[in-house]
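Data first, discussion second: the structure below is written as structure tokens.
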Amino acid sequence: MIRTGFIGGALGYHLLRHFGRHAAQGDPCDGGAYRDRSKLEAMFGPGIWTAVAGKVVIDFGCGVGKEAIEFAQHGARQVIGIDIREKMLTLARAAAETAGVSDRCLFCTHINEQADVIISLDAFEHFDDPEKILKIMRGLVKPTGCVYIAFGPTWFHPLGGHLFSVFPWAHLIFTEKAFIRWRSDFKSDGATRFCEVEGGLNQMTIHRFRKILARSEFETQSFEAVPIRRVRRLSKWLPREFFTSIVRCKLVPSATPLGPLGHYEENVQVCAQS
């Protein structure tokens, strides 16, 4: 993990109490920007609906099932939502029933059948072991299938600390210990590291993600580091790690021999997402 922060101790804690009063009320990366539009379409473009039409789709880390339901509504033959949290799966099943697509949506903790398309949305900055997740995905996608991944913000983004981004790049200025002490004032889950908080943060950077992809059993068909909208015109002169909004890519299986297919819930701990 990246060692971050140089302001800690009592000074760091008291500064965070001052700057973090509003941050403690919510996460600046809570997805509010997508409330009135499709997050899938915003992340992948309208072509995503053509890509899943008539296909078996796995929504990897489906949460309450919002995106899985969208896939079913846009013509996917079957959508399998996978998540380790039974509470989320219960909510997803109820939402699919309300939307009238429960006959094409399955929500479960693991699956052994393979899909045509796997989608991972806003998860790779949270996974406890992202390399193992890619290995599991390789076992779940057909040899002719593909995987779409989109996530952000990455660690060096101004708000890459999520809850810990009490102001831009604050998570790179204050120490992890100072942040956890500040967080314990309003959270009681006992977390002592960034990776242990609800939602989890693995400090994913663009460079690290590219290295993980290079070691995976996938070939990268497309890769894009989308710049922050406000600096898009200047992005070619700015450091990509610090001014990328989201990372998105499309992967296809390589010819690398596969290990045994394992269960999602057994093989990896996945940090819960909001």
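Let me spell out the model: positive unit charges on the Cβ of Lys and Arg, negative unit charges on the Cβ of Asp and Glu, origin at the Cα centre of the range 7-136. What dipole size does that give, in debye rounded to 20?
Value, rounded to 20: 260 debye.
Over the alpha-carbon set of the chain, divide Rg by the Kirkwood Rh and report the Rg/Rh ratio to two decimals.
A ratio of 0.97.
Indicate, rounded to the nearest 5 percent, the antiparallel portion of the DSSP beta bridges found entirely in the chain.
Percent antiparallel among DSSP bridges in the chain is about 45.
Run the dipole for the chain about the Cα centre, Lys and Arg Cβ at +1, Asp and Glu Cβ at -1, nothing else charged, and hand back the magnitude in debye, nearest 20.
1040 debye
Checking the a/c ratio against 1.5 first, then a/b against b/c, what shape does the Cα gyration tensor give for the range 88-174?
Working: a/c = 2.91, a/b = 1.61, b/c = 1.80.
Taking the square roots of the gyration eigenvalues as a ≥ b ≥ c, the range 88-174 is oblate.
Return one number: the angle in degrees, 0 to 90 and rounded to the nearest 10, between the long axis of the Cα atoms of helix 9-19 and the longest principal axis of the Cα atoms of the chain.
The helix 9-19 is inclined about 70 degrees to the chain.
From the phi angles alone, apply the Karplus equation (6.51, -1.76, 1.60; θ = phi - 60°) to the range 107-123 and give each ³J(HN,Hα) in whole Hz, x where the residue is Gly or Pro.
10, 7, 8, 7, 8, 10, 7, 9, 10, 6, 9, 10, 10, 10, 10, 6, 10
Considering Cα pairs under 8 angstrom that are at least six residues apart, work out the relative contact order of the chain and quote it in whole percent.
23 percent
In nm, what is the difference between 0.36 nm times the number of residues separating F167 and R35 and their Cα-Cα distance?
Here the answer is 45.2 nm.
Each label point is 7 Å from the Cα along the Cα-to-Cβ direction; what then is the distance between the points at E198 and T109, in nm?
2.1 nm
Run the reach check for K135 against lysines, Cα to Cα strictly under 28 Å, same-chain hits fewer than 8 apart removed. What comes back?
K39, K55, K66, K87, K211, K250
Please report the relative contact order for the range 71-225, taking Cα pairs under 8 Å with a sequence separation of at least 6, and give it as a percent rounded to a whole number.
Across the range 71-225, relative contact order equals 19 percent.
Where a number appears in this text, it was derived from the coordinates with a stated rule and is not lab data. Note that the structure is predicted; figures quoted are calculated from it, not measured. FYI the Cβ positions are ideal-geometry reconstructions off the backbone, even for glycines, and counts take in every protein chain you see.
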